[in-house]
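**Q** Below: one structure in structure tokens.
The values are calculated or read from the model by the stated rules, or taken from the named source; none is laboratory data. Bear in mind the structure is a predicted one, so any value in this text is a computation, not a measurement. The accessibility values were calculated without ligands, DNA or RNA, using every heavy atom of the protein model including side chains. Shrake-Rupley method; radii C 1.70, N 1.55, O 1.52, S 1.80 Å.
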Amino acid sequence: MMWKFLEQESFPMSENEYRESIAEKIEILNRGGYADEVRDWLRTVNSRPRLGRAISLQLVINEKMKEFLI
């Protein structure tokens, strides 16, 4: 999942659309059982995103998450 900055003029969503999009992704992570792993990663990751560079968290696909994959 790549994020963009809501304040950018070129950002393609309204604030409500952005919040809905993030809520959908959070729901998938929660249903997949990844909430604690993501929270721990957010608390401990040393890197920060910057222009032209993203940071990533690679999740191991578990049985719950397979229902979301095509």
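**Q** Subtract the Cα-Cα distance of Arg53 and Ala35 from 0.36 nm times their separation in residues, and report this length gain in nm to one decimal.
**A** Taking 0.36 nm per residue and subtracting the Cα distance, the gain is 4.1 nm.
**Q** Working out 0.36 nm times the residue gap between Lys25 and Val60, then minus their Cα-Cα distance, what length gain in nm do you get to one decimal?
**A** Gain in length upon complete extension: 11.0 nm.
**Q** Using a 1.4 Å probe, how large is the accessible area of Ser10, given in Å² and rounded to the nearest 10?
**A** 100
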